[in-house]
Amino acid sequence: MAMERLEHSLRKMENPRDDAIADGIRAFRQLRGEDVSMDIFLGLKGKDEFEHRMQPLYLNVANSLRAKIISGEYPIDTKIPSEKDLIKRHKVSRGTVREAVRVLIEQGFASRVQGKGTFVIKTISDGTS
């Protein structure tokens, strides 16, 4: 019951700019089992948290993969996880994963090799994307 009230209160907030509120949102998401490990790295705080959740799912997946590439979790020449792994990890559809990977390829972070997979080709943003 307390969790339901907290969730209802968080949904009603229209302008959460206070970092304490953003921390509460992250704590609530952690309790629900959601992955919040990259939130700070991606700069998600306050209002940005809600904007992040309102963008298309494929952009959320692409941002997560890009963050892992930039952080070095996926170095250059490393194969990114398969579609099946990404579907399970992010709990999204195959089309969403394909669109996310397409975004990374467009931005120059990855390259697809037919029959082999998708590989990291750049680990830092050059400011063009």
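The values are calculated or read from the model by the stated rules, or taken from the named source; none is laboratory data. Everything numeric in this text was worked out from a predicted model, so none of it was measured. Backbone-built Cβ (ideal geometry, glycine too); neighbour counts: all protein chains shown.
Considering only the range 52-97, state which residues are charged (D, E, K, R), closer than 22 Å to Val113 by Cβ and either outside the structural domain of Ser111 (by TED's automatic domain parsing) or part of a helix (DSSP H, G or I) (or both).
Those that are charged (D, E, K, R), closer than 22 Å to Val113 by Cβ and either outside the structural domain of Ser111 (by TED's automatic domain parsing) or part of a helix (DSSP H, G or I) (or both): Arg66, Lys68, Glu83, Lys84, Asp85, Arg89, Arg94.
What's the number of the condition Ile70 fails, among (1) hydrophobic (A, V, I, L, M, F, W, C); (2) within 23 Å of Gly33 (Cα to Cα); (3) in contact (Cβ under 8 Å) with a residue 24 or more places away in the chain?
Result: Ile70 passes all but (2).
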